[in-house]
Amino acid sequence: MKNNDKRIGKFLSLILRHQPEKIGIQLDKNGWVEVSSLLEKIKVYYPQLDQELLEHLVKTNDKQRYAFNDDKTKIRANQGHSVSVALAYEAEKPPEVLYHGTIAAFMKSICKEGLLKMNRHHVHLSQDIETATKVGARRGKPVILFIQSGKMYREGISFFKSKNGVWLTESVPSRYINVT
Ligand code: HQG
């Protein structure tokens, strides 16, 4: 992906997940915004961003972070919000084990409190170790946690899978966490 695409992608994440007010737009209750209004308002920062480039960015985004509605008149982020939106994903049965990448500095607190959602809506879990390793490596030397998601599910805890394959849950109590 070209550098500039990456910059626009980061800005889109900021707008669609955290600060829509930065360009004077509002997300609806499910996190959608009209593409026409997004393109109009984002012009101040990225005048080159048109429907075609936006479609290209959505399609080529490394983590499929954004989605259009069926007729491509609306767009939203698939997950990762800090602003309040109802993404309306259906609860689903997770695999027996999921993974979470973090760093050693957080481990004392994680062992005590479990995994908390911090600024986001959910705790984010990965389906494979490789992805969890990348998530942890954003902050330093990754530590991979093995989450007993099957057990959590059987004990009544809900899981959701975002459109781009990230598993989401409210919190992970420490009794379900194993460290390698
Ligand atoms: C840690 C990126 C201390 C947690 C990634 C993490 C992911 C605790 C940090 C997505 C804790 C929160 C999410 C506790 C959790 N005490 N630290 N009790 N509970 N933590 O960014 O999972 O590029 O909100 O381990 O790829 O790192 O944005 O969550 O280190 O999919 O699409 O608190 O964000 O995707 O950090 O990353 P985050 P995350 P995007």
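Side notes on the structure shown:
- Over the chain, relative contact order from alpha-carbon pairs under 8 Å, at least 6 apart, %: 21
- Potential lengthening between Glu130 and His56 on full extension [0.36 nm per residue; Cα-Cα distance subtracted]: 24.0 nm
- Sites Glu155 and Ser109 - FRET efficiency at Förster radius 25 Å, r taken between beta-carbons, to 0.05: 0.60
- At 0.890 mPa s and 25 °C, Stokes D of the stretch 48-142 from Kirkwood alpha-carbon radius, µm² per second: 155
- Against the empirical curve 2.2 N^0.38 Å, the C-alpha radius of gyration of the stretch 98-179 lands at a ratio of 1.00.
- Dipole magnitude (debye, nearest 20) for the chain, charges at Cβ of Lys, Arg, Asp, Glu: 680
- Label point distance in nm, Asp70-Asn30, each placed 7 Å from Cα along Cα→Cβ: 1.1
- Dividing the convex hull volume of the alpha carbon atoms of the chain by its residue count gives 124 Å³ per residue.
None of the figures in this text is laboratory data; all of them are computed from the coordinates on show. What you see is a predicted model; the values in this text were computed from it and never measured. Reconstructed Cβ throughout: ideal geometry from the backbone, glycine too, with neighbour counts over all protein chains shown.
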